[in-house]
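See below for the structure under consideration.
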Amino acid sequence: VCTRAVIENSRVGAGDRVLVAGPGPIGLLTAQVADAQGATVTVAGVSRDTSYRLPLAAELGYDTVDIEETDVEAYWAEETDGIGYDVVFDTTGHPSGLPMAADAVRKGGQIVLIGQAGETTVPTTPLVRAEVDLQCSYSALYRDFDRAFRLIASGDVDHETFLDDRFTLTDAEEAFETFLAGETCKPVFDVSVLRE
């Protein structure tokens, strides 16, 4: 999903400023693939992400911002010299993601929607006047999997850092509650406990 979004469906290139909205598993993988293309990446999240997911993004080497506790317009202006981000990836799956992306992208920039937010509303006139490219990205093809495996093999994508293996299948409810609370990024179940 992430290799397709970045390599096939976005215009990310070396030196671009990229904002990834949403520090979940898709967001952190998208950040890494964009970084591997030579972009400078910032990962945005909300306050519930500050206990686990945003620190994890920082551990992976990205600037992070809590959009609920920060004057984001001032932050984005400072980070992008007042221009805006070249590409904004919305991986949030929340209706607020697209309007935020529209505020953060530069004139002539690109927004790539990956998260499925359902219905959302955004004024289109500013996007048209700024000639912002709105691209959707969904699923993956064989070549996208191949690229993903090569990025992992080269070390450009660290797929293990955010895998959380502290849960067994008997802890499934706790794992999902922890995920929804933003206290894990990608819970992985250890099924060996059921074999005992």
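Suppose R0 equals 30 Å; then what is the FRET efficiency for THR170 and VAL122 from their Cβ-Cβ distance, rounded to the nearest 0.05?
0.10
What does the charge add up to near PRO25, with Lys and Arg as +1, Asp and Glu as -1, over the other residues with Cβ less than 13 Å from its Cβ?
With Lys, Arg at +1 and Asp, Glu at -1, the net is -2.
Report, in degrees rounded to the nearest 10, the 0 to 90 angle that the Cα long axis of helix 142-154 makes with the longest principal axis of the chain.
Taking Cα atoms only, the helix is inclined about 80 degrees.
According to a simple spin-label model (label point 7 Å from Cα along Cα-to-Cβ), what is the distance in nm between ASP103 and ALA14?
3.4 nm
Spelling out what I want: for every residue of the range 70-83, take phi, set θ = phi - 60°, compute 6.51 cos²θ - 1.76 cosθ + 1.60 (Karplus), and round to whole Hz; glycine and proline get x.
10, 6, 5, 4, 5, 4, 5, 5, 5, 5, 10, 6, x, 8
How large is the dipole of the chain about the Cα centre if only Lys and Arg carry +1 and Asp and Glu carry -1, each at its Cβ, rounded to the nearest 20 debye?
Values: 14 positive and 34 negative charges, 167 e Å.
The calculation lands at about 800 debye.
Using amide H atoms built in the peptide plane, which far-off residues or other-chain residues are under 5 Å from VAL105 H to H?
For VAL105, the qualifying residues are TYR85.
With a 10 Å radius around each residue's Cβ, average the other Cβ atoms per peptide and rank 125-133, 45-53, highest first.
45-53, 125-133
Quick one: Karplus J couplings for the range 47-64, per residue in order, coefficients 6.51, -1.76, 1.60, θ = phi - 60°, nearest Hz, x for Gly and Pro?
With the stated coefficients, the range 47-64 comes to 4, 5, 7, 6, 7, 9, 6, 5, x, 5, 4, 5, 4, 6, x, 10, 5, 10 Hz.
For the chain, take the longest principal axis of its alpha carbons; what is the angle in degrees between that and the long axis of helix 25-36, to the nearest 10 within 0 to 90?
Between helix and principal axis, roughly 60 degrees.
What is the set of long-range amide H partners of VAL43 at a cut-off below 5 Å, with H atoms built 1.01 Å from backbone N?
So VAL43 has HN proximity to VAL20, ASP63, THR64, VAL65.
Between the range 78-111 and the range 12-69, how far is it from one alpha carbon centroid to the other, in angstrom?
Value for the Cα centre distance between the two parts: 13 Å.
On the accessible surface of the chain, probed at 1.4 Å, how many percent belong to carbon and sulfur atoms?
Accessible surface attributable to carbon and sulfur in the chain totals 50 percent.
What whole-number value in Å² describes the accessible area per residue of the chain for a 1.4 Å probe? Intermediate results must be reported in sequence, preceding the final value.
Numbers: 10300 Å² over 196 residues.
I get 53 Å² per residue for this part.
For the chain, with a Gaussian network of springs between Cα atoms less than 10 Å apart, report the residue from GLY109, GLY155, GLY84 with the top mean-square fluctuation.
Per the Cα network of the chain with a 10 Å cutoff, GLY155 tops the list.
Using a ≥ b ≥ c from the Cα gyration tensor of the range 23-86 (square roots of the eigenvalues), is it rounded, prolate or oblate, where a/c under 1.5 gives rounded and otherwise the larger of a/b and b/c decides, a/b for prolate?
oblate
The values are calculated or read from the model by the stated rules, or taken from the named source; none is laboratory data. Predicted model only: the values in this text are computed from it and were never measured. Backbone-built Cβ (ideal geometry, glycine too); neighbour counts: all protein chains shown. Accessible surface areas use protein heavy atoms only, side chains included; no ligands, DNA or RNA. Shrake-Rupley method; radii C 1.70, N 1.55, O 1.52, S 1.80 Å.
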